[in-house]
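J.: Below is a structure I'd like to ask you about.
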Amino acid sequence: MSDTTTEDSTQNGPVLAADGTPLRRSLARALRRQKLRALMLIAPLLIFIMVTFILPVADMLYRSVENGIVSETLPRTVVALADWDASGDTPPDEAVFAALAADMQIAAEEKTHTKLGSRLNYENPGMSSLFRKSGRQVRRWDLETDAPFMEKFLDIDEDWSDIDVWRTIQTYSPSTTSGYYLAAVDMQLGADGPEMRPENERIYLKLFGRTLMMSLAITLSCIALGYPVAWLLANLPMRTSNLLMILVLLPFWTSLLVRTSAWKILLQQQGVINDILVWIGLVSDDARLVMINNQLGTIIAMTHILLPFMILPMYSVMQSINPSYLRAAKSLGATDWTAFWRVYFPQTVPGIGAGSILVFILAIGYYITPALVGGTTGTFISNRIAFHISTSLNWGLAAALGGILLAVVLVFYWAYDKFVGIDNVKLG
Amino acid sequence: MLDQGSDAFVVFDKVQKSYDGQTLVVKDLNLSIGKGEFLTMLGPSGSGKTTCLMMLAGFETATHGDILLDGQGINNIPPHKRGIGMVFQNYALFPHMTVAENLAFPLEVRKLGKSDREAKVKRALDMVQMGDFANRRPAQLSGGQQQRIALARALVFEPELVLMDEPLGALDKQLREHMQFEITRLAHELGITTVYVTHDQTEALTMSDRVAVFNDGRIQQLDPPDTLYEEPKNSFVAQFIGENNSLEGTVKELNNDTAVVQLDDGGLIDCKPVNVNKVGDRTKVSIRPERVEYRSERFQEGAHLLKAEVLEFIYMGDVFRTRLRVAGRDDFIMKCRNAPDQIRLKPGETVNIGWMPEDCRALDA
């Protein structure tokens, strides 16, 4: 009998449990309770993260393409404008102006026309004041008797005959737009589709490039400074290495602002380092080094702040490398350098990888330190995002910039996984 | 087998080692190892045997004294120039390289050409019967397989001297016995000098030409395995090598090759004086369990006998192990071969036990 069951289970389809149900289903049922309990244990964190992280991120990402304001505020105008040929050089006809008058009257009543004005102002400077001015007048018009409206609009402002104004309204009438993303890479929607902005208006690509290059520089200097320290930590006797570990962790116990401000004091032109250099005569008094409020200052301060994130993963990887590997290499005839480079270093690569990913991703989105010590040339894209969030209130653009930043990080992560392998990352 | 002389391949000359400047880990070590010899350093942990090996490999420096390799002082030669093969306790196979790359490593740093390298790697792998594993990673191998690769790597650059630091410690019993055989076979086939460190006395006895028993930073005895087992020179060696019964007493009579010892409970026994100088000395008498006899027809005329009470009878298959109470001690062991005429003693029985005087050695107290 037992013979027949083994035969059945090996030859005819799914393996069966003792009661005849498929083994897979039986196993799933047995594990269900465990899975439920595991889910309940992580549920508080899961809900917390959903509410405070995933949903806001999703909302922000949606804002980067959301553009309902034009079609909501000017519904009739959008419909009437659909047939207008934006590539010609004549403004729309009376029908469009009539629709605009009707829309504006409602919008002015609800005071939504100023919002629309500031939204379109991002795309075409001047439209904010055009809408505010027109809104005030249109409220007093009588839609039944005051036609034709084209003349009246032109009386308010000559700009209503400007083709660009109408192009902007037409371009941004769909409820979603790629405009923010285009703006985030220094492009705009022209009459013939996306085009580069004029040379003097481009800033974001440069900022993205600078953010990447500086993050890379910070990561590299963290590797260079952190590797020997991690090696010492892993190889010194316990007591000494514990003391060293406290020194490495010390920055974590100090406020970020304090550390950044300390660098300001050290690096400024009348600061400690310059004073010492002048005192020992290495630098003349009228040629003090500029080390703060530029890229150098940002790189120095951020390298210091992010260094522990590089040292700790490298340390935990190095600690797990048995010293007998180096001895084995030497006994096999390798010099100290060869033993290090061919045997020790390759085994520390996972630690370097883990540290680099941590530092690079933290650096690429860093905000406070570049804002404080970066001046104008050492600021990051995140400072621009903060500006759009809190000062210009152009959340759509801020969201688009953030979205691109997120995509860049994911691309780096993907590339790292492809070339180094994410399994090679070890935190301990 | 040589003690001193010009054909000694490795010489430790009055070597001392201290780590902290206060205590000596190795005290005045003098040792000559002949070419092609398989020498084992055996001792409990902390006895200084691994330190000696590390000094020979170049990873520790001798605090005092000289180490000579092939007649040349090597105190100031860095490890990578000594050309000594080494097998480590944890194998130390480089985890990021394949088996073949591991074996090619010592050849690469010696700047051998590619075809030479491949030929030697292949030969070394075949030598340990691992030819099919060239492209595996060490992590994909079992402990025994890793052990073979570590051995092949230590031999691939054809060193004249190979050091092994408890290489079989992590293997299970059966594999260990098999590898013991493999290692000795290779060492003898290739004619290499081997220094082997272990704390496992069976390993030391079965593999070595000579065994140096270490304790307390000194070599207690340096002899071939049979001499070591049958003629231990002091009670540490007697106790450390094999199973041993030890009885304490005082020397009553002392001739050239016989002595009578009075045990602490008054009983008299015959033994061979080894490490006692005069009548009245305290001594520990050592007797191997398999040399103890209880059947009266086997005793010599006039031999001294001891009364013994059977406490426990243990059946072990090939032998019977009987625990006895003798001279106030209840850890006295007697081993009898499982022969057809053998009697199985019962707990509670009283028997007379005795032995040939030359099997019973009066050692230091």
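J.: Which residue pairs have Cβ atoms closer than 7 Å, lie 6 or more positions apart in sequence or on different chains, and pair a first residue in the range A:358-370 that is touching a residue at least 12 places away in the same chain (Cβ under 8 Å) and open to solvent by less than 60 Å² (accessible area, probe 1.4 Å) with a second residue that is among the hydrophobic types (A, V, I, L, M, F, W, C) and not in a helix (DSSP H, G or I)?
T.: Filtered contacts from the range A:358-370: A:TYR366/A:PHE380; A:PRO370/A:PHE380.
For every residue, the table says whether it meets (1) in contact with a Lys or Arg (Cβ under 9 Å, 6 or more places away or on another chain); (2) farther than 18 Å from A:LEU256 by Cα.
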site	(1), (2)
A:ILE292	yes, no
A:GLY297	yes, no
A:SER331	yes, yes
A:PHE345	no, yes
A:ILE352	no, yes
A:ARG384	no, yes
A:HIS388	no, yes
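J.: Any residue that is within 26 Å of A:ARG384 (Cα to Cα), in contact with a Pro (Cβ under 6 Å, 6 or more places away or on another chain) and open to solvent by less than 40 Å² (accessible area, probe 1.4 Å) - is there at least one of those in the range A:123-145?
T.: No - not one qualifying residue is present in the range A:123-145.
J.: May I pose another question? Test of understanding: among B:PRO106, B:PRO79, which residue is within 14 Å of chain A (Cβ to nearest Cβ), crowded, with 22+ Cβ neighbours inside 10 Å and touching a residue at least 24 places away in the same chain (Cβ under 8 Å)?
T.: B:PRO106
J.: How about the range A:269-335: which helices (runs of 4 or more DSSP H) wholly inside it have at least 3 residues that are free of Cβ contacts under 8 Å to residues at least 40 places away in the same chain and either within 14 Å of another protein chain (Cβ to nearest Cβ) or more than 29 Å from the chain's Cα centre (by Cα) (or both)?
T.: Ranges flagged: A:272-279, A:324-331.
J.: When B:PRO138 is evaluated against the numbered criteria (1) within 26 Å of the chain's Cα centre (by Cα); (2) buried (at least 16 other Cβ atoms within 10 Å of the Cβ); (3) within 14 Å of chain A (Cβ to nearest Cβ), which criterion, by number, is the only one it fails?
T.: Of (1) within 26 Å of the chain's Cα centre (by Cα); (2) buried (at least 16 other Cβ atoms within 10 Å of the Cβ); (3) within 14 Å of chain A (Cβ to nearest Cβ), only one is false for B:PRO138: (1).
J.: Something else about it: Any idea how many residues of the range B:238-282 are hydroxyl-bearing (Ser, Thr, Tyr) and in contact (Cβ under 8 Å) with a residue 40 or more places away in the chain?
T.: So the count comes out to 2.
J.: While we're on this one: Inspect the range A:43-65 for any residue being in contact with a strand residue (DSSP E or B) (Cβ under 6 Å, 6 or more places away or on another chain) and open to solvent by less than 80 Å² (accessible area, probe 1.4 Å) and give the result as yes or no.
T.: yes
J.: Okay, moving on. For the condition surrounded by fewer than 23 Cβ atoms within 10 Å (Cβ to Cβ) and either of a type in the set (Val, Ile, Thr) or at pLDDT 90 or above (or both), what is the one hit in B:VAL260, B:VAL195, B:VAL211?
T.: When all the criteria are applied, what remains is B:VAL260.
J.: Contact list please: Cβ distance under 6 Å, first residue in the range B:337-362 and within 16 Å of B:ASN244 (Cα to Cα), second residue polar (S, T, N, Q), pairs at least six apart or on different chains.
T.: Cβ pairs passing all conditions: B:PRO357/B:THR258; B:ARG361/B:SER286; B:ALA362/B:THR283.
J.: A further question on this structure: For the range B:40-64, what are the residues that are under 25 Å from B:PHE181 (Cα atoms) and crowded, with 23+ Cβ neighbours inside 10 Å?
T.: Matches in the range B:40-64: B:THR40, B:MET41, B:LEU42, B:GLY43, B:LYS49, B:CYS52, B:LEU56.
J.: List the pairs whose first member sits in the range A:175-193 and is among the charged types (D, E, K, R), whose second member is part of a helix (DSSP H, G or I) and surrounded by fewer than 22 Cβ atoms within 10 Å (Cβ to Cβ), and whose Cβ atoms are under 6 Å apart, counting only residues at least 6 apart or on separate chains?
T.: Cβ pairs passing all conditions: A:ASP186/A:TYR204; A:ASP186/A:LEU205.
J.: Scanning the range A:120-173 for residues that are outside any helix (DSSP H, G or I) and of a type in the set (Ser, Thr, Tyr), which turns out nearest to the chain's Cα centre (by Cα)?
T.: In this case the residue turns out to be A:TYR172.
J.: Output the strands (runs of 3 or more DSSP E) that fall wholly within the range B:7-109 and possess 2 or more residues being of a type in the set (Lys, Arg) and more than 16 Å from B:PRO159 (Cβ to Cβ), or say none.
T.: Correct list: B:8-17.
J.: Let me confirm something: among A:LYS35, A:LYS115, which residue is assigned to a helix (DSSP H, G or I), open to solvent by 40 Å² or more (accessible area, probe 1.4 Å) and assigned by TED's automatic domain parsing to the domain that holds A:TYR172?
T.: The unique qualifying residue is A:LYS115.
J.: Among the listed residues B:ALA124, B:ALA154, which satisfies the condition of being under 22 Å from B:PRO106 (Cα atoms), touching a strand residue (DSSP E or B) at 6+ places or on another chain (Cβ under 8 Å) and part of a helix (DSSP H, G or I)?
T.: Sole residue among the options that is under 22 Å from B:PRO106 (Cα atoms), touching a strand residue (DSSP E or B) at 6+ places or on another chain (Cβ under 8 Å) and part of a helix (DSSP H, G or I): B:ALA154.
The values are calculated or read from the model by the stated rules, or taken from the named source; none is laboratory data. All values derive from a computational prediction rather than experimental measurement. Here Cβ is always computed from backbone atoms with ideal geometry, including for glycine, and neighbour counts include all displayed protein chains. Heads up: the accessible areas ignore ligands, DNA and RNA and are worked out on the full protein's heavy atoms, side chains in. Shrake-Rupley method; radii C 1.70, N 1.55, O 1.52, S 1.80 Å.
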